[in-house]
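Chemist: Following this message is one structure expressed as structure tokens.
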Amino acid sequence: MSYQIAKTVDAVGSFCPGPLMELVRAVKEAETGSVIELLSSDKGSVGEIPKWCEKAGHELLEVVDVDDKVKSYRIKVGEKKKRRRRNKE
Amino acid sequence: MLILLKDGSYQSFATMAMIATGAVTSDIEVKVFAMEDAVYALRKDQIDKHIKFEKPYPEYNAALQDAIDTGKTQKWWELFNDLKDLGDIELTVCALVADLLGLELEDFADVVDDIQGVAKFAGDAEEADIFITI
């Protein structure tokens, strides 16, 4: 698998939902199609990051073990969705 | 999503903020309505004090305090304010309790957006797909 990481978000040591929050911020600022790397030691990220990527329309390219605690999540940024907001009129 | 928060403990606010994080990061609009003790806890001169945890487990309290002190986790209101930058989320306090305590909007912590009556809550509840009480 060949790709270039445009930005690395280092959330090592941050507890849930810190890594997710930092990833969401980075993805919102990123170009569609670019690849973001999230470094996280949070156990919750293992299930949370794939689920969020699926729901938000981004592609989790792969998850790489950096060491026995830290994982590297590589995410390809998809098309930005418009926010769901009810029409109050 | 509408969350009704009645309890003024730190843990209840933290639970609310965690649920709201899941929603806002999934582009779901969140409205939080605070009533009873939760309104009191949101006073500007009170919010820092209620971080004294009420859990009957000293080890848990110490671990949470350490995580906050070392920056591994945020205080709930810091997380809530960050969510405002990411999506649609607002915190409204009950007008009755605000009146009972003689409080105006400026008396509440910055995280509070508005003071509204129960008609506002009822309207939000009618529109919400998901309703959670804490």
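The values are calculated or read from the model by the stated rules, or taken from the named source; none is laboratory data. This is a predicted model, so every value here is computed, not measured. Virtual Cβ from ideal backbone geometry, glycine too; neighbours counted across all protein chains shown.
Chemist: Which of the following residues is aromatic (Phe, Trp, Tyr), farther than 30 Å from A:GLU29 by Cβ, at pLDDT 95 or above and in contact with a helix residue (DSSP H, G or I) (Cβ under 9 Å, 6 or more places away or on another chain): B:PHE80, B:PHE33, B:PHE53?
Modeler: B:PHE33
Chemist: Moving to a separate point now. Inside segment B:1-95, counting only helices (runs of 4 or more DSSP H) that do not spill past its ends, which hold 1 or more residues that are free of Cβ contacts under 8 Å to residues at least 24 places away in the same chain and more than 20 Å from B:PHE131 (Cα to Cα)?
Modeler: B:58-69, B:76-86
Chemist: May I pose another question? Just to verify a result, which residue in segment B:96-105, among those that are hydrophobic (A, V, I, L, M, F, W, C) and in a helix (DSSP H, G or I), is modelled with the highest pLDDT?
Modeler: B:LEU105
Rundown of residues vs (1) over 27 Å from B:GLU127 (Cβ atoms); (2) in contact with a His (Cβ under 7 Å, 6 or more places away or on another chain); (3) away from chain B (no Cβ under 14 Å); (4) at pLDDT 95 or above, yes/no style:
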{"residue": "A:GLU54", "(1), (2), (3), (4)": "no, no, no, no"}
{"residue": "A:HIS58", "(1), (2), (3), (4)": "yes, no, no, yes"}
{"residue": "A:GLU62", "(1), (2), (3), (4)": "yes, no, yes, yes"}
{"residue": "A:TYR73", "(1), (2), (3), (4)": "yes, no, yes, yes"}
{"residue": "A:LYS76", "(1), (2), (3), (4)": "yes, yes, yes, yes"}
{"residue": "A:LYS80", "(1), (2), (3), (4)": "no, no, no, no"}
{"residue": "A:ARG85", "(1), (2), (3), (4)": "no, no, no, no"}
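Chemist: Tell me which residues, restricted to segment B:36-50, are of a type outside the set (Val, Ile, Thr) and modelled with pLDDT of 85 or more.
Modeler: Those that are of a type outside the set (Val, Ile, Thr) and modelled with pLDDT of 85 or more: B:GLU36, B:ASP37, B:ALA38, B:TYR40, B:ALA41, B:LEU42, B:ARG43, B:LYS44, B:ASP45, B:GLN46.
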